[in-house]
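Some notes on the structure that comes next.
The values are calculated or read from the model by the stated rules, or taken from the named source; none is laboratory data. Small disclaimer: the values here were computed from a predicted structure and weren't measured. So basically every Cβ, Gly included, is an ideal-geometry build from the backbone, and we count neighbours across all protein chains shown.
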Amino acid sequence: MPELDRRDFLKQATRALLSISGLLGLGGLARFFYFQTEPPSQSVFDLGPATAYAVGTRTLLPDVPAVLIHNENGFSALSLVCTHLGCTVESEASELVCPCHGSLFDEQGNVVRGPASKPLPTLQIETTAEGNLQLFLT
Amino acid sequence: MRPNFFHHLHPPTIPAQQSRWRYTLGAGGTAVFLLFVLAITGMLEMFYYTPTPEQAALSVQTISYHVPLGGLVRNTHYWSAQLLMIVMAAHLIRVVMTGAYRSPRRFNYLLGLVLFVAVVLLNFTGYILRWDQGIQWALVVGTNLLKTIPVAGDALYVMLIGGSQPGPATLIRFYAWHIFGLGLLVVILTGWHIFRVRRDGGIAVPPPRLREDDARITRFELVQREVLAMILITAILFILAIFFPAPIDAPIEQLTTMANDASAPWFFLWVQQMLKWGDPFVWGIVVPLVVMLILALIPYVLPQAQDAELGRWFPKSNRLARLVLIGISLLVIVLTLLALLPGS
Amino acid sequence: MHNVRRMTALASVLLLLSVLLVWFADSRRPQSQALTPRMTGEEEYCIACHTDLPEISPSHPVEIFGCVTCHGGERLALDADLAHSTMRGGNNPSNLSVVEQSCGGSDCHSGTVEEERDHIQRVMTSVQATYTGAIAHIRYTFGAQPDQVAHYGIFNVRDTEVTTSTGVQSLEAFDPSQETNPSIQTFGETCLKCHLSAEPPEGAAFDRLTGCAACHTPDVDSFPEGNVHQLTTAIPYTQCNTCHNRGNYDLRSMDFVERDDNPTDRFHDYYQPIAQFTQCEWTLDCIDCHTRSEAMGDGDIHSNQSEIQYVQCRTCHGTLDELPLTHTIASEDDIALRMAFLNPVVNLSVGDTVLVTEQGEPLWNTRVLSDGTYELVGKATGQVFSFSPVMGTQCTQNADEQESSYCHVCHAVDR
């Protein structure tokens, strides 16, 4: 009967309209939560004069966290953030071990044992005109 | 005797056979009481807790050491939360092992599972609120896990922690989730869960013609038993609170500095153990979700208990469901033990 | 039903017991005595347990500084493990690994020369901490370096501003494992116990701590558990001797042989038999002559201790042709007055004239008297000594031969 069909249609239409409103509401909630009150974290670190780091040394930079390596090829930096789930890896003998899930990296940051699958990233190091070292996180 | 308000929250009579401790384990009622204790002690903690990174751990120290009976309040809150997890697990096991989740209680079973997940999240957010060196890595790992979700991961991460790295916004968000987001959800779901128990016909028993024993107890007797349970639980909580204080650690100096303890809270140790095996998305998110899905599907896909088998332990017909639950429980227990092994 | 009633009654007893237990436990909580030091304004509960500690020094009153400024730790915790978990340097916050946060915190002893706050900077570059002399000398002797200029220290350190002619720009950390000569390697393994950050070997007669406390916390061995809580600038010679008269080197085995006696007679037992002394060298305390820039460094990195020996016999006695250098205190802010205030053995005031080194550092415990003679007050003893200038005496010493060995020829006392 057309009468019933119309009722049916009204019901379906109402449902659809309400669902759209509901979905929009959920989207609004997501947008609400997506706001970031903090400024993005520091991505450039000033390490002071390059002469403070002798050739052949590895210097721990706990704020980054990273290790600054100075060898015959110049300066380089290795991130100490585990590529698995982000814990800070610790030096153990000549290896780097993650205390959270046991990933093991060699001195160059290559994976020796999982669960991490990616090597520790190398961070960019630049020397300023005044001879100061700068480390870039990205 | 004239029933008072509390009596009226209960059905007039319930079957005697199924009202025994050894059948129900008293788990559902205990869980409700523990929730009540958690609400009270949590509210008291709010009078001193300061949800900022600089002050959080210090205010926890103030509650623990200086507020008169503050240590008791915090330790009771802690122990109620731990007991609640255990009691809820026991409740789930009882329901499966007695086949009580059978239709028409399937929906209520699902409600119970959602409650269980909500309480686990409450426990985790509460743990993070300490904001001391003991929780540092659980926070980093737990939030980084979200990032591993394909497509939506990064957005979910920002929505949860409120920035590109854990900070003041994260703490206030966990605080809000702990107290209102999840707390309110649990209160509402608990009300619904209890309503559904009554709506679904109370405790699961065989239909009248198949019943061996028709004896029933009154709501007066039921309430009396509940009072007994409440007194015992309160005493146990106090004793635990006095002799085994809740964990506490020095404030977080810097989120990138390695703290001494890198282990997850005990109820996530099994996940942490799996995370050692590889891809964090698979082991940290997919597997736990699959476990929950299997649990949720038990009433819908596996053979159920027969009418006559209701109201007692280990009905023959739902054997498969019981084996599945035993399998999952063993898995979680073994993984937890593995994580606790020294040198693991 | 009756059964439940009986159980409930029993449970009530249990509950009451547990509540009583709660009250009991609460009443046994340490009476939280808080101290709110004026410097931080944050309350500290350390004194809830540490009730009977003596004041560390008159310059560091506990009401102003509290405990946490120096020691770190969790100021609110009443649980010993937690309270002590974040302490700096364990029992000794002046250990050089943490000294910048403890003694140097709030810019107290860390800062610029102009503010007279550069104590830590001076100590970190001084030979007491870098051990440059020994390292350079051994490496030179065994052919690892062509001269005796320091290239290595115990740790790497830089000097931002070299002010003396012998100052070195920077040092790299000495790593014995990088050396090829086995004697230098052995030296590295056995002989690096004498600098300020090294834990001294066992030996009751030679107890000292590390960092600032190695000198400023004397008499550690007189406290049974080493829990001495004292800082002083009146440092007796016995404290200097915990390092400087501790034993002898054995260059064949490249080892240090500790003395095992417990010397009591300073003149006869203490020093090596071949050493020569004038009267003042064994009656005064070391710090009566050796100034703070000699002992704590002058801010430059030196290759050898002889480069910063600024006080000689002539600093106080002058030569035949010259009287010793003097300085008349002109203002209340004069460094001589400030130092005399810290160790009030003399009554110094504006207008007084004291002796100074060639670098202009005042010997604030001396004074020029009106009759042209001098007076010195022992910094650790308070004893008063008077002495005269060389000028006008029968001394026949050449003007360009003024090292102590020349004076010893006539003036050494008979041992």
Query raised in the report: Hey, which of the helices (runs of 4 or more DSSP H) in the range B:77-170, taking only ones fully inside, have at least 3 residues that are more than 13 Å from chain A (Cβ to nearest Cβ) and among the β-branched types (Val, Ile, Thr)?
Result: B:106-129
Query raised in the report: Which is facing another protein chain (nearest Cβ under 7 Å) and among the acidic types (Asp, Glu), of A:Glu90, A:Glu72?
Result: A:Glu90
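Yes or no: B:Thr98 of a type in the set (Ser, Thr, Tyr), surrounded by 22 or more Cβ atoms within 10 Å (Cβ to Cβ) and in contact (Cβ under 8 Å) with a residue 12 or more places away in the chain? Break it down into steps so the answer makes sense when it comes.
Working: of a type in the set (Ser, Thr, Tyr): yes; surrounded by 22 or more Cβ atoms within 10 Å (Cβ to Cβ): yes; in contact (Cβ under 8 Å) with a residue 12 or more places away in the chain: yes.
It is true that B:Thr98 is of a type in the set (Ser, Thr, Tyr), surrounded by 22 or more Cβ atoms within 10 Å (Cβ to Cβ) and in contact (Cβ under 8 Å) with a residue 12 or more places away in the chain.
Which one of these is touching a Ser or Thr at 6+ places or on another chain (Cβ under 8 Å), within 14 Å of chain C (Cβ to nearest Cβ) and without any contact (Cβ under 8 Å) to a residue 40 or more places away in the chain: B:Leu237, B:Leu228, B:Leu222? Steps first, please.
Numbers: B:Leu237 fails: without any contact (Cβ under 8 Å) to a residue 40 or more places away in the chain; B:Leu222 fails: without any contact (Cβ under 8 Å) to a residue 40 or more places away in the chain.
Going through B:Leu237, B:Leu228, B:Leu222 in turn, the sole match is B:Leu228.
Kindly indicate the residue of the range A:104-133 that is among the polar types (S, T, N, Q) and surrounded by 14 or more Cβ atoms within 10 Å (Cβ to Cβ) and also nearest to the other protein chains (Cβ to nearest Cβ) among those meeting that condition. Can you show your working first?
Residues of the range A:104-133 among the polar types (S, T, N, Q): A:108, A:110, A:117, A:122, A:124, A:127-128, A:132.
With surrounded by 14 or more Cβ atoms within 10 Å (Cβ to Cβ) added as a condition, the list becomes A:122, A:127, A:132.
Values: A:Thr122: 18, A:Thr127: 17, A:Asn132: 13 Å.
Within the range A:104-133, the match that is nearest to the other protein chains (Cβ to nearest Cβ) is A:Asn132.
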Query raised in the report: Looking at (1) under 22 Å from the mean Cα position of the chain (by Cα); (2) crowded, with 18+ Cβ neighbours inside 10 Å, can you tell me which one C:Phe155 breaks?
Result: (2)
Report task. Scan the helices (runs of 4 or more DSSP H) fully inside the range C:202-314 and keep the ones with 3 or more residues being within 30 Å of C:Gln148 (Cβ to Cβ), at pLDDT below 85 and of a type in the set (Asp, Glu). Result -> none
Query raised in the report: Within the range B:150-205, restricting attention to residues that are polar (S, T, N, Q) and surrounded by 16 or more Cβ atoms within 10 Å (Cβ to Cβ), which residue is farthest from B:His7 (Cα to Cα)?
Result: B:Gln165
Requested in this report: State which residue is nearest to B:Ile236 (Cα to Cα) when the search covers only the range B:42-76 and only residues that are in a loop (DSSP other than H, G, I, E, B) and polar (S, T, N, Q).
Outcome: B:Thr50
Report task. Find the helices (runs of 4 or more DSSP H) located wholly in the range C:1-106 whose residues include 3 or more that are surrounded by fewer than 16 Cβ atoms within 10 Å (Cβ to Cβ), among the hydrophobic types (A, V, I, L, M, F, W, C) and within 14 Å of chain B (Cβ to nearest Cβ), and list them. Result -> C:2-27
Report task. Would you point out the residue of the range B:63-76, among those that are surrounded by fewer than 19 Cβ atoms within 10 Å (Cβ to Cβ) and under 13 Å from B:Glu45 (Cβ atoms), that is nearest to the other protein chains (Cβ to nearest Cβ)? Result -> B:Leu69
Query - Filter result for B:Asp214 (in contact with an Asp or Glu (Cβ under 6 Å, 6 or more places away or on another chain) and either in contact (Cβ under 8 Å) with a residue 12 or more places away in the chain or on the phi < 0 side of the Ramachandran plot (or both)) - result: no
Query raised in the report: Which residue out of A:Arg6, A:Arg15, A:Arg58 is more than 30 Å from B:Asp154 (Cβ to Cβ) and either outside any helix (DSSP H, G or I) or assigned by TED's automatic domain parsing to the domain that holds A:Gln124 (or both)?
Result: A:Arg58
Requested in this report: Give A:Cys82, A:Cys87 a once-over and let me know the one that is closer than 30 Å to B:Leu156 by Cβ and in contact with a helix residue (DSSP H, G or I) (Cβ under 7 Å, 6 or more places away or on another chain).
Outcome: A:Cys87
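Check B:Pro245, B:Pro299 and return the single one that is part of a loop (DSSP other than H, G, I, E, B) and either free of Cβ contacts under 8 Å to residues at least 24 places away in the same chain or not acidic (Asp, Glu) (or both). Before the answer, list the steps.
Working: B:Pro299 fails: part of a loop (DSSP other than H, G, I, E, B).
Testing whether each residue is part of a loop (DSSP other than H, G, I, E, B) and either free of Cβ contacts under 8 Å to residues at least 24 places away in the same chain or not acidic (Asp, Glu) (or both) leaves just B:Pro245.
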Report summary line: Within the range A:25-63, the residues that are within 10 Å of chain B (Cβ to nearest Cβ), without any contact (Cβ under 8 Å) to a residue 60 or more places away in the chain and within 30 Å of C:Asp159 (Cβ to Cβ) are A:Pro62, A:Asp63
Query raised in the report: Does C:Val149 satisfy the condition of being of a type in the set (A, V, I, L, M, F, W, C), part of a loop (DSSP other than H, G, I, E, B) and either in the same structural domain as C:Lys193 (by TED's automatic domain parsing) or more than 22 Å from the chain's Cα centre (by Cα) (or both)?
Result: yes
Report summary line: Output for Cβ contacts, cut-off 6 Å, separation at least six or different chains, first residue at the interface with chain A (Cβ under 9 Å from one of its Cβ atoms) in the range C:162-183, second part of a strand (DSSP E or B), reads C:Ser170/C:Arg158; C:Glu172/C:Tyr152
Report task. Considering only the range C:391-408, state which residues are outside any loop (DSSP other than H, G, I, E, B) and loosely packed, with under 11 Cβ neighbours inside 10 Å. Result -> C:Ser405
Query raised in the report: Of the residues that make up the range B:219-242, is at least one outside any helix (DSSP H, G or I) and among the hydrophobic types (A, V, I, L, M, F, W, C)?
Result: no
**Report entry** Single residue of the range B:280-289 satisfying the filter (farther than 13 Å from B:Gly153 by Cβ and in contact with a helix residue (DSSP H, G or I) (Cβ under 9 Å, 6 or more places away or on another chain)) that is nearest to the other protein chains (Cβ to nearest Cβ)
**Finding:** B:Trp283
Query raised in the report: If B:Phe244 passes every condition in (1) within 14 Å of chain A (Cβ to nearest Cβ); (2) within 21 Å of the chain's Cα centre (by Cα) but one, which one does it miss?
Result: (1)
Report task. Considering every residue within the range B:289-309, establish whether at least one is crowded, with 18+ Cβ neighbours inside 10 Å, more than 30 Å from B:Ser103 (Cβ to Cβ) and under 19 Å from the mean Cα position of the chain (by Cα). Result -> no
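Can you list the strands (runs of 3 or more DSSP E) found entirely within the range A:85-138 that contain at least 1 residues being within 19 Å of A:Gly48 (Cα to Cα), in contact (Cβ under 8 Å) with a residue 40 or more places away in the chain and out of contact with any Phe, Trp or Tyr (no Cβ under 8 Å at 6 or more places or on another chain)?
Numbers: elements: A:90-92, A:95-97, A:111-113, A:122-127, A:132-136.
Per the criteria, A:132-136.
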Report summary line: Per the filter on the range B:172-184, residues over 12 Å from B:Thr143 (Cβ atoms) and of a type outside the set (Phe, Trp, Tyr) are B:Ile172, B:Ala176, B:His178, B:Ile179, B:Gly181, B:Leu182, B:Gly183, B:Leu184
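Can you confirm whether B:Pro15 is in contact with a Gly (Cβ under 9 Å, 6 or more places away or on another chain) and either more than 14 Å from chain C (Cβ to nearest Cβ) or surrounded by 22 or more Cβ atoms within 10 Å (Cβ to Cβ) (or both)?
Numbers: in contact with a Gly (Cβ under 9 Å, 6 or more places away or on another chain): yes; either more than 14 Å from chain C (Cβ to nearest Cβ) or surrounded by 22 or more Cβ atoms within 10 Å (Cβ to Cβ) (or both): yes.
So B:Pro15 fits the description; yes.
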